[in-house]
1. Which one of GLY60, GLY55, GLY47 is on the phi > 0 side of the Ramachandran plot and of a type in the set (Gly, Ala, Ser)?
2. LYS65 - would you say it is loosely packed, with under 11 Cβ neighbours inside 10 Å and either assigned to a loop (DSSP other than H, G, I, E, B) or out of contact with any helix residue (DSSP H, G or I) (no Cβ under 7 Å at 6 or more places or on another chain) (or both)?
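Taken together, the values in this text are just the output of simple stated rules run on the coordinates, not laboratory data. Being a predicted model, the structure only gives us computed values, none of them experimental. Glycine also receives a Cβ, built like all others from the backbone with ideal geometry; neighbour counts cover every protein chain displayed.
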Amino acid sequence: MIQIKVDPNKEENKNPKPQLEDGEFIECFWVPFKDLYEECRRLETQGFAIDGKLGAFAEGLEAAKIWKL
């Protein structure tokens, strides 16, 4: 795992484009870390699949908030 800081206001970062494999559908959009867990849960209730790595990261952020880490 790596961590990077991305400036969403820079022109080259405003409209990220995924490199899709056959049969993939990926929509890119920005979500603040503080809202990531709730947004993942909301999208799941609408039938979207959440990548396991992203879901685990969101769970970790939520746990840190709950436990005040």
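1. On inspection, the qualifying residue turns out to be GLY47.
2. No: the conditions fail for LYS65.
Residues are listed down the side, and each one gets a yes or a no for (1) surrounded by 10 or more Cβ atoms within 10 Å (Cβ to Cβ); (2) of a type in the set (S, T, N, Q); (3) touching a residue at least 12 places away in the same chain (Cβ under 8 Å); (4) part of a helix (DSSP H, G or I):
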residue: GLN3; (1), (2), (3), (4): no, yes, no, no
residue: LEU20; (1), (2), (3), (4): no, no, no, no
residue: CYS28; (1), (2), (3), (4): no, no, yes, no
residue: TYR37; (1), (2), (3), (4): yes, no, yes, yes
residue: GLY47; (1), (2), (3), (4): no, no, no, no
residue: GLY55; (1), (2), (3), (4): yes, no, yes, yes
